[in-house]
Amino acid sequence: MLHYAKMFKSLGLALTTRSLRGRLMLGYYAVAVIMLAVSLFFVGELRTLEARVMLGQRASDLFDTVLGIRRFERNYFLHGQPADQVENARYVAAARELLTVHRDSFRAIAAEDKLVALDHLLLAYREKMEAYVAADAAQRGLLEPQVRELGKGLVELAQQMAVSERQQVQSTLGTLRVLLLGMIGALALFVIGLGRALSRQVVQPLKEIEAGVEAIRADRRANLVLASKDREIRSTVDAINHLLQEIELRQRSLMRSERLAALGTMLSGVAHELNNPLSNISTSCQILQEELGESDVMTIRRYLEQIDQQTERARHIVRTLLDFSRDRGFTRQPVPLRALVEQTVGFVREPVPAKRAVRLEIPEDLVVYADAQRLQQVFVNLICNALEAGGQKARIVIGARQIQGAPLPSGLAWGSGCKRSDVQTEISVSDDGPGIAPEILPRIFDPFFTTKEVGHGMGLGLFVVYEIIEEHGGCIAVESAPGVGTTFRIRLPQKAAQP
Ligand code: ADP
(Lines give C-alpha, C1' and ligand atoms only; values in the text may rest on other atoms or scores of the structure.)
Protein backbone atom coordinates (compact mmCIF):
# COMPACT_ATOMS: atom_id res chain seq x y z
CA MET A 1 0.00 0.00 0.00
CA LEU A 2 2.75 2.36 1.01
CA HIS A 3 4.50 1.61 -2.23
CA TYR A 4 1.41 2.56 -4.28
CA ALA A 5 0.87 5.70 -2.19
CA LYS A 6 4.44 6.75 -2.96
CA MET A 7 3.94 5.95 -6.64
CA PHE A 8 0.81 8.08 -6.90
CA LYS A 9 2.46 10.88 -4.97
CA SER A 10 5.36 11.01 -7.41
CA LEU A 11 2.92 10.75 -10.34
CA GLY A 12 1.13 13.79 -8.92
CA LEU A 13 4.48 15.55 -8.61
CA ALA A 14 5.32 14.67 -12.19
CA LEU A 15 2.05 16.13 -13.47
CA THR A 16 1.89 19.26 -11.36
CA THR A 17 5.40 20.63 -10.83
CA ARG A 18 7.90 22.02 -13.27
CA SER A 19 10.83 19.92 -12.31
CA LEU A 20 13.24 17.76 -14.23
CA ARG A 21 12.64 14.95 -11.78
CA GLY A 22 8.89 15.31 -12.41
CA ARG A 23 9.36 15.05 -16.14
CA LEU A 24 11.68 12.08 -15.84
CA MET A 25 9.07 10.40 -13.64
CA LEU A 26 6.38 11.19 -16.22
CA GLY A 27 8.48 9.60 -18.95
CA TYR A 28 9.11 6.61 -16.73
CA TYR A 29 5.38 6.19 -16.01
CA ALA A 30 4.49 6.61 -19.69
CA VAL A 31 6.88 3.79 -20.60
CA ALA A 32 5.59 1.65 -17.70
CA VAL A 33 1.93 2.17 -18.73
CA ILE A 34 2.64 1.36 -22.38
CA MET A 35 4.59 -1.76 -21.36
CA LEU A 36 1.71 -2.83 -19.13
CA ALA A 37 -0.85 -2.30 -21.91
CA VAL A 38 1.30 -4.21 -24.41
CA SER A 39 1.83 -7.04 -21.89
CA LEU A 40 -1.91 -7.27 -21.17
CA PHE A 41 -2.66 -7.35 -24.88
CA PHE A 42 -0.20 -10.17 -25.46
CA VAL A 43 -1.46 -12.12 -22.43
CA GLY A 44 -4.94 -11.95 -24.01
CA GLU A 45 -3.58 -13.03 -27.38
CA LEU A 46 -1.65 -15.92 -25.80
CA ARG A 47 -4.83 -17.12 -24.09
CA THR A 48 -6.61 -17.18 -27.44
CA LEU A 49 -3.71 -19.09 -28.88
CA GLU A 50 -3.80 -21.51 -25.97
CA ALA A 51 -7.53 -22.14 -26.61
CA ARG A 52 -6.74 -22.73 -30.28
CA VAL A 53 -4.04 -25.23 -29.41
CA MET A 54 -6.51 -27.06 -27.13
CA LEU A 55 -9.03 -27.10 -29.94
CA GLY A 56 -6.36 -28.45 -32.28
CA GLN A 57 -5.77 -31.22 -29.77
CA ARG A 58 -9.48 -32.15 -29.84
CA ALA A 59 -9.62 -32.05 -33.63
CA SER A 60 -6.63 -34.36 -33.79
CA ASP A 61 -8.27 -36.63 -31.10
CA LEU A 62 -11.34 -36.84 -33.35
CA PHE A 63 -9.16 -37.62 -36.34
CA ASP A 64 -7.27 -40.34 -34.38
CA THR A 65 -10.60 -41.85 -33.27
CA VAL A 66 -11.85 -41.98 -36.88
CA LEU A 67 -8.57 -43.66 -37.90
CA GLY A 68 -9.19 -46.16 -35.05
CA ILE A 69 -12.63 -46.91 -36.49
CA ARG A 70 -11.04 -47.65 -39.84
CA ARG A 71 -8.25 -49.77 -38.33
CA PHE A 72 -10.66 -52.14 -36.54
CA GLU A 73 -12.98 -52.14 -39.58
CA ARG A 74 -10.11 -53.41 -41.74
CA ASN A 75 -9.08 -56.02 -39.10
CA TYR A 76 -12.64 -57.21 -38.82
CA PHE A 77 -13.01 -57.53 -42.59
CA LEU A 78 -9.72 -59.43 -42.77
CA HIS A 79 -10.01 -61.81 -39.79
CA GLY A 80 -13.70 -61.71 -38.90
CA GLN A 81 -12.85 -61.50 -35.15
CA PRO A 82 -15.88 -60.28 -33.09
CA ALA A 83 -13.46 -58.40 -30.75
CA ASP A 84 -12.44 -56.14 -33.67
CA GLN A 85 -16.08 -55.41 -34.40
CA VAL A 86 -16.66 -54.51 -30.70
CA GLU A 87 -13.65 -52.13 -30.77
CA ASN A 88 -14.91 -50.63 -34.04
CA ALA A 89 -18.30 -49.92 -32.46
CA ARG A 90 -16.59 -48.45 -29.36
CA TYR A 91 -14.56 -46.03 -31.51
CA VAL A 92 -17.70 -44.96 -33.37
CA ALA A 93 -19.39 -44.20 -30.04
CA ALA A 94 -16.28 -42.34 -28.84
CA ALA A 95 -16.20 -40.22 -32.01
CA ARG A 96 -19.88 -39.29 -31.58
CA GLU A 97 -19.29 -38.41 -27.95
CA LEU A 98 -16.32 -36.17 -28.83
CA LEU A 99 -18.47 -34.47 -31.42
CA THR A 100 -21.31 -33.88 -28.94
CA VAL A 101 -19.21 -32.79 -25.95
CA HIS A 102 -17.00 -30.33 -27.91
CA ARG A 103 -19.60 -29.21 -30.40
CA ASP A 104 -19.24 -25.52 -29.45
CA SER A 105 -15.47 -25.61 -29.82
CA PHE A 106 -15.64 -27.45 -33.16
CA ARG A 107 -17.90 -24.73 -34.54
CA ALA A 108 -14.79 -22.49 -34.64
CA ILE A 109 -13.16 -24.73 -37.26
CA ALA A 110 -16.13 -26.20 -39.16
CA ALA A 111 -19.53 -24.98 -40.22
CA GLU A 112 -22.55 -26.41 -38.37
CA ASP A 113 -23.79 -28.34 -41.48
CA LYS A 114 -20.39 -30.06 -41.70
CA LEU A 115 -20.67 -31.15 -38.05
CA VAL A 116 -24.23 -32.41 -38.67
CA ALA A 117 -23.01 -34.23 -41.80
CA LEU A 118 -20.21 -35.87 -39.79
CA ASP A 119 -22.68 -37.00 -37.12
CA HIS A 120 -25.05 -38.42 -39.76
CA LEU A 121 -22.15 -40.15 -41.44
CA LEU A 122 -21.16 -41.75 -38.13
CA LEU A 123 -24.75 -42.96 -37.61
CA ALA A 124 -24.98 -44.28 -41.18
CA TYR A 125 -21.61 -45.99 -40.74
CA ARG A 126 -22.75 -47.63 -37.47
CA GLU A 127 -25.96 -48.89 -39.11
CA LYS A 128 -24.08 -50.24 -42.14
CA MET A 129 -21.60 -51.97 -39.88
CA GLU A 130 -24.39 -53.51 -37.80
CA ALA A 131 -26.09 -54.68 -41.02
CA TYR A 132 -22.78 -56.18 -42.14
CA VAL A 133 -22.42 -58.09 -38.85
CA ALA A 134 -25.97 -59.49 -39.13
CA ALA A 135 -25.71 -60.33 -42.84
CA ASP A 136 -24.81 -63.67 -44.44
CA ALA A 137 -21.74 -64.15 -46.59
CA ALA A 138 -23.48 -63.20 -49.87
CA GLN A 139 -24.87 -59.92 -48.49
CA ARG A 140 -21.57 -59.14 -46.80
CA GLY A 141 -19.89 -59.00 -50.22
CA LEU A 142 -22.30 -56.19 -51.14
CA LEU A 143 -22.18 -54.35 -47.81
CA GLU A 144 -18.38 -54.28 -47.37
CA PRO A 145 -17.67 -51.67 -50.14
CA GLN A 146 -20.51 -49.52 -48.76
CA VAL A 147 -19.02 -49.59 -45.24
CA ARG A 148 -15.58 -48.78 -46.66
CA GLU A 149 -17.03 -45.86 -48.64
CA LEU A 150 -18.69 -44.41 -45.51
CA GLY A 151 -15.43 -44.90 -43.55
CA LYS A 152 -13.49 -42.96 -46.20
CA GLY A 153 -16.00 -40.12 -45.94
CA LEU A 154 -15.51 -40.08 -42.16
CA VAL A 155 -11.70 -39.83 -42.51
CA GLU A 156 -12.00 -37.05 -45.08
CA LEU A 157 -14.28 -34.91 -42.92
CA ALA A 158 -12.23 -35.42 -39.74
CA GLN A 159 -9.04 -34.66 -41.66
CA GLN A 160 -10.51 -31.43 -43.07
CA MET A 161 -11.34 -30.30 -39.55
CA ALA A 162 -7.84 -31.10 -38.26
CA VAL A 163 -6.15 -29.34 -41.22
CA SER A 164 -8.41 -26.31 -40.91
CA GLU A 165 -7.54 -26.05 -37.21
CA ARG A 166 -3.79 -26.34 -37.89
CA GLN A 167 -4.05 -23.58 -40.52
CA GLN A 168 -5.91 -21.32 -38.11
CA VAL A 169 -3.28 -21.84 -35.39
CA GLN A 170 -0.53 -21.05 -37.89
CA SER A 171 -2.27 -17.87 -39.05
CA THR A 172 -2.82 -16.75 -35.43
CA LEU A 173 0.86 -17.36 -34.72
CA GLY A 174 1.85 -15.35 -37.81
CA THR A 175 -0.38 -12.42 -36.78
CA LEU A 176 1.03 -12.53 -33.27
CA ARG A 177 4.60 -12.51 -34.58
CA VAL A 178 3.91 -9.45 -36.76
CA LEU A 179 2.14 -7.69 -33.88
CA LEU A 180 4.95 -8.48 -31.47
CA LEU A 181 7.63 -7.17 -33.84
CA GLY A 182 5.53 -4.08 -34.63
CA MET A 183 4.94 -3.31 -31.00
CA ILE A 184 8.59 -3.86 -30.05
CA GLY A 185 9.58 -1.50 -32.89
CA ALA A 186 7.01 1.13 -31.88
CA LEU A 187 8.01 0.88 -28.23
CA ALA A 188 11.70 1.17 -29.12
CA LEU A 189 10.96 4.29 -31.23
CA PHE A 190 8.85 5.76 -28.42
CA VAL A 191 11.56 5.11 -25.81
CA ILE A 192 14.26 6.58 -28.09
CA GLY A 193 12.11 9.66 -28.78
CA LEU A 194 11.27 10.06 -25.11
CA GLY A 195 14.93 9.66 -24.13
CA ARG A 196 15.96 12.29 -26.69
CA ALA A 197 13.27 14.74 -25.57
CA LEU A 198 14.20 14.27 -21.93
CA SER A 199 17.91 14.52 -22.57
CA ARG A 200 17.27 17.74 -24.54
CA GLN A 201 15.33 19.04 -21.55
CA VAL A 202 18.28 18.24 -19.28
CA VAL A 203 21.17 18.98 -21.62
CA GLN A 204 19.86 22.33 -22.91
CA PRO A 205 19.83 24.09 -19.51
CA LEU A 206 23.18 22.48 -18.65
CA LYS A 207 24.62 23.94 -21.86
CA GLU A 208 23.19 27.32 -20.93
CA ILE A 209 24.77 27.03 -17.48
CA GLU A 210 28.09 26.13 -19.13
CA ALA A 211 27.84 29.18 -21.44
CA GLY A 212 26.88 31.39 -18.47
CA VAL A 213 29.82 30.16 -16.39
CA GLU A 214 32.11 30.75 -19.38
CA ALA A 215 30.75 34.32 -19.69
CA ILE A 216 31.41 34.87 -15.98
CA ARG A 217 34.92 33.48 -16.37
CA ALA A 218 35.54 35.86 -19.27
CA ASP A 219 34.23 38.74 -17.12
CA ARG A 220 31.30 39.43 -19.43
CA ARG A 221 28.78 38.76 -16.69
CA ALA A 222 28.78 39.00 -12.92
CA ASN A 223 26.27 36.25 -12.20
CA LEU A 224 24.28 33.49 -13.84
CA VAL A 225 20.88 34.32 -15.37
CA LEU A 226 18.78 31.46 -16.76
CA ALA A 227 15.16 31.56 -17.89
CA SER A 228 14.48 27.91 -16.99
CA LYS A 229 11.47 27.21 -14.76
CA ASP A 230 12.73 23.79 -13.70
CA ARG A 231 13.20 23.55 -9.97
CA GLU A 232 16.51 21.69 -10.14
CA ILE A 233 18.00 24.09 -12.71
CA ARG A 234 16.80 27.10 -10.72
CA SER A 235 18.36 25.80 -7.52
CA THR A 236 21.61 24.96 -9.38
CA VAL A 237 21.72 28.51 -10.74
CA ASP A 238 20.99 29.90 -7.26
CA ALA A 239 23.74 27.72 -5.78
CA ILE A 240 26.24 28.89 -8.41
CA ASN A 241 25.29 32.53 -7.83
CA HIS A 242 25.60 32.02 -4.09
CA LEU A 243 29.02 30.46 -4.64
CA LEU A 244 30.06 33.42 -6.79
CA GLN A 245 29.05 35.80 -4.03
CA GLU A 246 31.03 33.74 -1.53
CA ILE A 247 34.08 33.75 -3.79
CA GLU A 248 33.72 37.49 -4.28
CA LEU A 249 33.53 38.04 -0.51
CA ARG A 250 36.51 35.81 0.18
CA GLN A 251 38.48 37.42 -2.58
CA ARG A 252 37.75 40.83 -1.13
CA SER A 253 38.84 39.67 2.28
CA LEU A 254 42.04 38.20 0.78
CA MET A 255 42.69 41.47 -1.02
CA ARG A 256 42.07 43.35 2.20
CA SER A 257 44.52 41.25 4.17
CA GLU A 258 47.12 41.57 1.41
CA ARG A 259 46.58 45.34 1.38
CA LEU A 260 47.06 45.44 5.14
CA ALA A 261 50.28 43.46 4.74
CA ALA A 262 51.44 45.94 2.07
CA LEU A 263 50.43 48.80 4.36
CA GLY A 264 52.65 47.32 7.07
CA THR A 265 55.49 47.08 4.56
CA MET A 266 54.98 50.69 3.52
CA LEU A 267 54.65 52.17 7.00
CA SER A 268 58.37 52.29 7.79
CA GLY A 269 58.96 53.79 4.35
CA VAL A 270 56.29 56.38 4.96
CA ALA A 271 57.81 57.26 8.33
CA HIS A 272 61.14 57.65 6.61
CA GLU A 273 59.66 59.75 3.81
CA LEU A 274 57.92 61.95 6.36
CA ASN A 275 61.21 62.52 8.14
CA ASN A 276 62.62 64.64 5.30
CA PRO A 277 59.87 67.30 5.11
CA LEU A 278 59.59 67.32 8.88
CA SER A 279 63.29 67.92 9.39
CA ASN A 280 63.23 70.55 6.61
CA ILE A 281 60.36 72.31 8.38
CA SER A 282 62.16 72.04 11.68
CA THR A 283 65.41 73.45 10.21
CA SER A 284 63.56 76.35 8.57
CA CYS A 285 61.81 77.15 11.86
CA GLN A 286 65.08 77.09 13.78
CA ILE A 287 66.78 79.42 11.30
CA LEU A 288 63.78 81.76 11.43
CA GLN A 289 63.89 81.82 15.21
CA GLU A 290 67.61 82.54 15.26
CA GLU A 291 67.52 85.21 12.55
CA LEU A 292 64.11 86.71 13.30
CA GLY A 293 65.42 90.19 14.21
CA GLU A 294 68.17 90.28 11.58
CA SER A 295 66.64 88.85 8.40
CA ASP A 296 64.84 90.95 5.83
CA VAL A 297 61.26 90.30 4.83
CA MET A 298 62.26 88.50 1.58
CA THR A 299 64.40 85.94 3.44
CA ILE A 300 61.65 85.33 6.01
CA ARG A 301 59.14 84.86 3.19
CA ARG A 302 61.45 82.31 1.48
CA TYR A 303 61.69 80.27 4.70
CA LEU A 304 57.97 80.45 5.25
CA GLU A 305 57.36 79.30 1.65
CA GLN A 306 59.72 76.38 2.25
CA ILE A 307 57.82 75.46 5.43
CA ASP A 308 54.57 75.63 3.46
CA GLN A 309 55.96 73.46 0.63
CA GLN A 310 57.34 70.86 3.03
CA THR A 311 54.08 70.78 4.98
CA GLU A 312 52.25 70.18 1.70
CA ARG A 313 54.72 67.38 0.87
CA ALA A 314 54.15 65.75 4.25
CA ARG A 315 50.39 66.11 3.85
CA HIS A 316 50.58 64.51 0.42
CA ILE A 317 52.51 61.54 1.84
CA VAL A 318 49.97 61.07 4.63
CA ARG A 319 47.07 61.42 2.15
CA THR A 320 48.58 58.78 -0.13
CA LEU A 321 48.91 56.40 2.79
CA LEU A 322 45.36 57.10 3.89
CA ASP A 323 44.13 56.56 0.34
CA PHE A 324 45.93 53.25 0.19
CA SER A 325 44.53 52.05 3.49
CA ARG A 326 40.93 52.96 2.69
CA ASP A 327 38.59 50.15 1.63
CA ARG A 328 37.31 51.36 -1.74
CA GLY A 329 35.58 49.80 -4.69
CA PHE A 330 37.33 49.42 -8.02
CA THR A 331 37.58 52.85 -9.69
CA ARG A 332 39.64 53.57 -12.77
CA GLN A 333 40.92 57.02 -13.51
CA PRO A 334 43.88 58.59 -15.31
CA VAL A 335 46.98 58.07 -13.15
CA PRO A 336 50.41 59.69 -13.83
CA LEU A 337 52.44 56.48 -13.77
CA ARG A 338 55.91 57.81 -12.99
CA ALA A 339 54.75 59.83 -9.96
CA LEU A 340 52.84 56.83 -8.61
CA VAL A 341 55.81 54.47 -9.02
CA GLU A 342 58.27 57.01 -7.56
CA GLN A 343 56.12 57.46 -4.51
CA THR A 344 55.64 53.69 -4.09
CA VAL A 345 59.38 53.09 -4.42
CA GLY A 346 59.93 55.69 -1.67
CA PHE A 347 57.57 53.84 0.63
CA VAL A 348 59.11 50.38 0.20
CA ARG A 349 62.10 49.76 2.45
CA GLU A 350 61.71 46.04 3.10
CA PRO A 351 64.13 44.26 3.29
CA VAL A 352 66.31 47.11 1.93
CA PRO A 353 65.36 50.66 0.86
CA ALA A 354 63.91 50.30 -2.62
CA LYS A 355 65.13 53.76 -3.62
CA ARG A 356 68.69 52.46 -3.70
CA ALA A 357 67.85 49.52 -5.94
CA VAL A 358 65.23 50.84 -8.38
CA ARG A 359 65.84 52.67 -11.64
CA LEU A 360 62.87 54.16 -13.41
CA GLU A 361 62.52 54.24 -17.20
CA ILE A 362 59.05 55.71 -17.32
CA PRO A 363 58.23 58.77 -19.43
CA GLU A 364 57.14 61.75 -17.29
CA ASP A 365 53.95 62.26 -19.24
CA LEU A 366 52.76 58.66 -19.36
CA VAL A 367 49.27 58.38 -17.95
CA VAL A 368 47.55 55.03 -17.35
CA TYR A 369 43.86 54.46 -16.93
CA ALA A 370 43.79 52.45 -13.72
CA ASP A 371 42.78 52.17 -10.09
CA ALA A 372 45.71 53.96 -8.40
CA GLN A 373 45.37 52.16 -5.07
CA ARG A 374 45.39 48.72 -6.67
CA LEU A 375 48.20 49.60 -9.05
CA GLN A 376 50.26 50.73 -6.07
CA GLN A 377 49.58 47.36 -4.47
CA VAL A 378 50.92 45.67 -7.65
CA PHE A 379 54.15 47.66 -7.49
CA VAL A 380 54.61 47.06 -3.75
CA ASN A 381 54.25 43.30 -4.24
CA LEU A 382 56.55 43.11 -7.30
CA ILE A 383 59.23 45.39 -5.81
CA CYS A 384 59.20 43.53 -2.46
CA ASN A 385 59.54 40.16 -4.23
CA ALA A 386 62.46 41.45 -6.32
CA LEU A 387 64.17 42.94 -3.24
CA GLU A 388 63.64 39.75 -1.24
CA ALA A 389 65.04 37.65 -4.08
CA GLY A 390 68.04 39.89 -4.89
CA GLY A 391 68.92 41.07 -1.39
CA GLN A 392 71.34 43.99 -0.81
CA LYS A 393 72.77 43.85 -4.33
CA ALA A 394 69.41 43.78 -6.09
CA ARG A 395 69.04 45.99 -9.13
CA ILE A 396 65.51 46.64 -10.36
CA VAL A 397 64.41 48.46 -13.49
CA ILE A 398 60.82 49.61 -13.87
CA GLY A 399 59.97 50.71 -17.39
CA ALA A 400 56.81 51.64 -19.24
CA ARG A 401 55.76 52.43 -22.80
CA GLN A 402 52.69 52.53 -24.93
CA ILE A 403 52.13 49.73 -27.42
CA GLN A 404 49.50 48.79 -29.97
CA GLY A 405 48.78 45.43 -31.60
CA ALA A 406 52.01 43.95 -30.16
CA PRO A 407 52.39 40.16 -30.20
CA LEU A 408 51.96 38.20 -26.95
CA PRO A 409 54.55 39.19 -24.35
CA SER A 410 57.42 36.69 -24.18
CA GLY A 411 57.38 34.09 -21.39
CA LEU A 412 54.33 32.62 -19.70
CA ALA A 413 51.29 34.90 -19.95
CA TRP A 414 48.00 35.05 -18.06
CA GLY A 415 44.95 37.32 -18.23
CA SER A 416 42.01 38.16 -20.44
CA GLY A 417 43.78 41.13 -22.05
CA CYS A 418 46.72 39.19 -23.51
CA LYS A 419 45.36 39.22 -27.07
CA ARG A 420 44.05 42.78 -27.24
CA SER A 421 44.98 44.78 -30.31
CA ASP A 422 44.09 48.29 -29.07
CA VAL A 423 46.41 50.76 -27.37
CA GLN A 424 47.88 49.41 -24.13
CA THR A 425 50.46 50.49 -21.61
CA GLU A 426 53.17 47.91 -21.07
CA ILE A 427 54.93 48.13 -17.73
CA SER A 428 57.95 45.95 -17.01
CA VAL A 429 59.53 45.20 -13.66
CA SER A 430 62.91 43.47 -14.11
CA ASP A 431 65.41 42.34 -11.56
CA ASP A 432 68.81 40.69 -11.78
CA GLY A 433 68.10 38.32 -8.88
CA PRO A 434 68.44 34.55 -8.77
CA GLY A 435 65.45 34.00 -11.09
CA ILE A 436 62.72 31.38 -10.79
CA ALA A 437 63.21 27.67 -11.51
CA PRO A 438 61.29 26.57 -14.66
CA GLU A 439 59.40 23.85 -12.74
CA ILE A 440 57.80 26.34 -10.33
CA LEU A 441 57.34 29.18 -12.82
CA PRO A 442 53.82 28.10 -13.92
CA ARG A 443 52.69 28.00 -10.27
CA ILE A 444 53.88 31.35 -8.92
CA PHE A 445 50.49 33.04 -9.45
CA ASP A 446 48.64 30.28 -7.60
CA PRO A 447 47.17 31.38 -4.27
CA PHE A 448 49.27 30.27 -1.29
CA PHE A 449 52.20 29.20 -3.44
CA THR A 450 55.44 30.28 -1.80
CA THR A 451 59.02 29.14 -1.62
CA LYS A 452 59.72 31.34 1.38
CA GLU A 453 60.13 30.08 4.91
CA VAL A 454 57.14 29.90 7.23
CA GLY A 455 56.33 33.38 8.51
CA HIS A 456 58.05 35.12 5.56
CA GLY A 457 55.50 34.79 2.81
CA MET A 458 51.85 33.81 2.49
CA GLY A 459 52.07 33.09 -1.23
CA LEU A 460 49.34 35.62 -1.99
CA GLY A 461 51.44 38.49 -3.40
CA LEU A 462 51.48 37.41 -7.06
CA PHE A 463 47.95 35.98 -6.84
CA VAL A 464 46.71 39.43 -5.81
CA VAL A 465 48.81 41.03 -8.57
CA TYR A 466 47.16 38.72 -11.11
CA GLU A 467 43.68 39.44 -9.72
CA ILE A 468 44.24 43.21 -9.98
CA ILE A 469 45.55 42.97 -13.55
CA GLU A 470 42.59 40.74 -14.47
CA GLU A 471 40.23 43.26 -12.87
CA HIS A 472 41.69 45.87 -15.23
CA GLY A 473 41.15 43.54 -18.22
CA GLY A 474 44.91 43.39 -18.62
CA CYS A 475 47.59 40.76 -19.04
CA ILE A 476 50.64 39.71 -17.03
CA ALA A 477 53.58 37.68 -18.25
CA VAL A 478 56.69 36.42 -16.54
CA GLU A 479 60.03 35.54 -18.01
CA SER A 480 62.70 34.13 -15.80
CA ALA A 481 65.75 31.93 -15.78
CA PRO A 482 67.87 30.91 -12.83
CA GLY A 483 70.93 33.14 -12.51
CA VAL A 484 69.69 35.65 -15.09
CA GLY A 485 66.86 37.42 -13.29
CA THR A 486 63.15 37.90 -13.62
CA THR A 487 60.96 40.20 -15.69
CA PHE A 488 57.25 40.73 -15.11
CA ARG A 489 55.44 42.44 -18.00
CA ILE A 490 52.06 43.96 -17.37
CA ARG A 491 49.75 45.27 -20.07
CA LEU A 492 46.89 47.58 -19.14
CA PRO A 493 44.25 48.67 -21.63
CA GLN A 494 43.86 52.40 -22.12
CA LYS A 495 40.10 52.14 -22.01
CA ALA A 496 37.83 49.99 -19.87
CA ALA A 497 38.04 46.35 -20.97
CA GLN A 498 35.58 45.52 -23.76
CA PRO A 499 34.15 42.02 -23.88
P1 ADP B 1 55.33 35.17 -1.38
O2 ADP B 1 56.14 36.39 -1.73
O3 ADP B 1 54.51 35.31 -0.16
O4 ADP B 1 56.14 33.90 -1.41
P5 ADP B 1 54.26 35.57 -4.00
O6 ADP B 1 52.99 35.12 -4.61
O7 ADP B 1 54.52 37.02 -4.03
O8 ADP B 1 54.25 34.99 -2.54
O9 ADP B 1 55.45 34.83 -4.72
C10 ADP B 1 55.40 33.45 -4.95
C11 ADP B 1 56.79 32.89 -5.20
O12 ADP B 1 57.27 33.35 -6.46
C13 ADP B 1 57.83 33.35 -4.21
O14 ADP B 1 57.82 32.53 -3.07
C15 ADP B 1 59.12 33.21 -5.00
O16 ADP B 1 59.59 31.88 -4.97
C17 ADP B 1 58.69 33.48 -6.43
N18 ADP B 1 59.05 34.84 -6.88
C19 ADP B 1 58.22 35.89 -7.04
N20 ADP B 1 58.89 36.98 -7.52
C21 ADP B 1 60.16 36.61 -7.66
C22 ADP B 1 61.35 37.26 -8.14
N23 ADP B 1 61.34 38.54 -8.55
N24 ADP B 1 62.50 36.55 -8.18
C25 ADP B 1 62.54 35.27 -7.79
N26 ADP B 1 61.46 34.58 -7.33
C27 ADP B 1 60.29 35.23 -7.27
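For the chain, the Cys residues with no second cysteine's beta carbon closer than 4.7 Å are C285, C384. Rounded, prolate or oblate: which fits the stretch 382-454 when a ≥ b ≥ c are the square roots of the eigenvalues of the alpha-carbon gyration tensor, with rounded for a/c under 1.5 and prolate only if a/b beats b/c? Here the stretch 382-454 falls in the oblate category. Length available on full extension from M54 to R250: 0.36 nm per residue minus the Cα-Cα distance, which gives 62.5 nm. Per-atom-type breakdown for the chain gives carbon and sulfur 58% of the accessible area (1.4 Å probe, protein chains only).
Counted by Cβ distance under 14 Å from E45, the other residues give a net charge of +2, where Lys and Arg count +1 and Asp and Glu count -1. Once the C-beta distance of H120 and L142 is scaled by a Förster radius of 22 Å, the resulting FRET efficiency is 0.55 to the nearest 0.05. Note on K207: lysines with a C-alpha under 22 Å away, same-chain residues under 8 apart excluded, are K229.
Accessible-area rank, largest first, for L198, L67: L67, L198, with all protein chains present and a 1.4 angstrom probe. Highest-first packing order for the peptide set 481-492, 121-132, 440-451, 241-252 is 481-492, 121-132, 440-451, 241-252, based on the mean count of other beta carbon atoms within 10 Å.
Extension gain for N75-L187 works out to 34.3 nm (0.36 nm per residue, less the C-alpha to C-alpha distance). Against the longest principal axis of the chain, how steep is helix 461-471, in degrees 0 to 90 to the nearest 10, with axes from Cα atoms? For helix 461-471, the angle is close to 70 degrees. Based on protein heavy atoms only, the chain ends up with 58 Å² per residue of surface accessible to a 1.4 Å probe. Were the residues from H456 through E127 laid out at 0.36 nm apart, the gain over their Cα-Cα distance would be 105.7 nm.
Within the shell of other residues whose beta carbon sits under 14 angstrom from the beta carbon of A413, the net charge comes to +1, with Lys and Arg scored +1 and Asp and Glu -1. Take the Cβ atoms of D308 and L260, set R0 to 30 Å, and the FRET efficiency comes out at 0.35. Of the residues S235, S421, ranked by 1.4 Å probe accessible area with the largest first, the sequence reads S421, S235.
Between S325 and E232, the C-beta separation translates, for a Förster distance of 51 Å, into a calculated FRET efficiency of about 0.65. Determine the shape class of the chain: with a ≥ b ≥ c the square roots of the Cα gyration tensor eigenvalues, call it rounded for a/c under 1.5, and otherwise prolate if a/b is greater than b/c, oblate otherwise. Prolate is the answer for the chain, as a/c is 1.5 or above and a/b outweighs b/c. Under a 5 Å amide H cut-off, with hydrogens placed 1.01 Å from N, R221 pairs with I216 among residues at least 5 apart or on other chains. Between S295 and T175, the simple spin-label model (points 7 angstrom out along Cα→Cβ) gives 12.6 nm. Per residue, the average separation of C-alpha pairs within less than 8 Å and at least 6 apart gives the stretch 244-338 a relative contact order of 38 percent. With a cut-off of 15 Å between beta carbons, the residues surrounding D308 carry a summed charge of +2, where Lys and Arg count +1 and Asp and Glu -1.
Comparing S284, H102, L173 along the charge dipole axis of the chain, the residue lying farthest to the positive side is H102, per the Cβ-charge model.
The values are calculated or read from the model by the stated rules, or taken from the named source; none is laboratory data. Just so it is clear, the model here is predicted, and its values are computed rather than measured. Counting neighbours? That spans all protein chains shown, and the Cβs are built from the backbone with ideal geometry, glycine included. Remember, those area values only see protein heavy atoms, side chains included, never the ligands or the DNA or RNA. Shrake-Rupley method; radii C 1.70, N 1.55, O 1.52, S 1.80 Å.
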